[in-house]
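Each value in this text was obtained by applying a stated rule to the coordinates, not by laboratory testing. Bear in mind the structure is a predicted one, so any value in this text is a computation, not a measurement.
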Amino acid sequence: MAEGGGLLLVGVGGQGVIMASGLVASALIAGGYDVKQSEVHGMAQRGGVVFSHLRFGPEVASPLLSPGSADAVVAFEWGEALRWLSYLRPGGTLVASVERIVPPASCADRRTWDLGYPAVDRGAIAAWVPDARLVDARAVAGSLGNARAANSVLLGILSTMLEVPEEAWEAAVAAGVPPRTVDVNLRAFRVGRTGGLAPAGTWSPPAPPVPRPVPSIEITPAWCKGCDVCVRFCPERCLALDGDLKAVAVQPSLCTGCRLCELLCPDFAIEITRPALPEDRAAEVATRG
Ligand code: SF4
Ligand code: SF4
């Protein structure tokens, strides 16, 4: 992509897609490109679809990509990776996290949502997209200290495809993420940039389903303002407000790990940790080569 090209960044609300797109644009501008960016985040409530078109080159007239024209699709969520694959040009690159975020109303029984959600079939993807770089970015970032730095892992991978100096990328990351998270985001970026990712063709069938262990619900009372959103939207009625109007887990054993509360909380007061599934662990192992 020396002369320029087009990128499509996709994910769901709350994942930081727009922030990541702005960061890529900053790096490209620092690398000497003309850049045009367009985004749709009208459904920006957490969980809604968010995408950003980004075109760059010596001179760019329009920001919009047409289907089949993107040099790379960068997907921060697995279902969105599949949704937007048609925008990839033949020979293009898919950079995708295998994290799956179930849409709020998509499953009647959220305890079995993963049975109805698109599986991470690396073999099938390899047949469609020979250059597919799949990674459990959230798990990798979590192992570095903060799962919220997952986007930087993907941007690190993307950076290897663009002719932009590493310093420009790192400056864009440092300027574009919240100040307290600069260090972990830079570490995540470097892992993505230098880590050896397994080729997509090395997929093997997933292990049979195993009983799902109960996720952990971590609530930071100091950040909770008692807005009640998580309580009202939890499909399993796991949460309640206590006498101090702070959210508490009253039925944690019913939690399915859907992360709806975490995604909807306006103050980032909830963190759900789902025990790794066999498939997740396999993806993480593959990521680290
Ligand atoms: S959504 Fe967040 S701020 Fe609102 S009650 Fe729940 S934890 Fe507290
Ligand atoms: S507590 Fe949160 S993660 Fe667990 S079922 Fe309720 S909304 Fe989903």
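Worth a mention:
- Relative contact order (percent, whole number), segment 216-273, Cα cutoff 8 Å, 6+ residue spacing: 43 percent
- In segment 5-202, the C-alpha radius of gyration followed by the widest Cα-Cα span (Dmax) gives 15.9, 51 angstrom.
- Between SER86 and PHE233, the contour length at 0.36 nm per residue exceeds the Cα-Cα span by 49.6 nm.
- Residues whose placed amide H lies under 5 Å from that of VAL12, excluding near-sequence neighbours: VAL50
- For GLY4, distant residues with modelled amide H under 5 Å away: none
- Contact order relative to length of segment 5-202, as percent, for alpha carbon pairs under 8 angstrom and 6 or more apart: 21 percent
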